[in-house]
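**Q** Once you've had a glance at the structure underneath, I'll fire off some questions.
The values are calculated or read from the model by the stated rules, or taken from the named source; none is laboratory data. Computed from a predicted model, the values in this text were never measured in an experiment. No Cβ is skipped: glycine too gets one built from the backbone with ideal geometry, and neighbour counts run over all protein chains shown.
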Amino acid sequence: MSSRPWCEHRLTPDERRRMRTLEESLDQCWDLLRQRRAHAGYGEDPWQAHPRPVPDVEHDQS
């Protein structure tokens, strides 16, 4: 736990990098879920879906 007050809203550079990494991972998870749902919706095996690289996921979301 950080020694900074709970009300501190400013992030350090390391915290911003960590937040970005977490956001990218979350985007990949949502993308994989959408892929699996699409596979299932077309009668395909949802487990054939695989995580895509972050740049591919981010590009599709823009």
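**Q** State all residues of the stretch 6-62 that are touching a helix residue (DSSP H, G or I) at 6+ places or on another chain (Cβ under 9 Å) and of a type in the set (G, A, S); if no residue qualifies, say none.
**A** Scanning the stretch 6-62 gives S25, A38, A40, A49.
**Q** How many residues are at pLDDT 95 or above, assigned to a helix (DSSP H, G or I), under 16 Å from the mean Cα position of the chain (by Cα) and not charged (D, E, K, R) when one looks only at the stretch 27-62?
**A** Selection size over the stretch 27-62: 6.
**Q** Another question, if that's okay. Can you tell me how many residues within the stretch 21-61 are among the basic types (K, R) and surrounded by fewer than 11 Cβ atoms within 10 Å (Cβ to Cβ)?
**A** 0
**Q** Another one. Looking at D31, D27, D14, D60, which is the one that is without any contact (Cβ under 8 Å) to a residue 24 or more places away in the chain and of a type in the set (D, E, K, R)?
**A** None of the others qualify; the one that does is D14.
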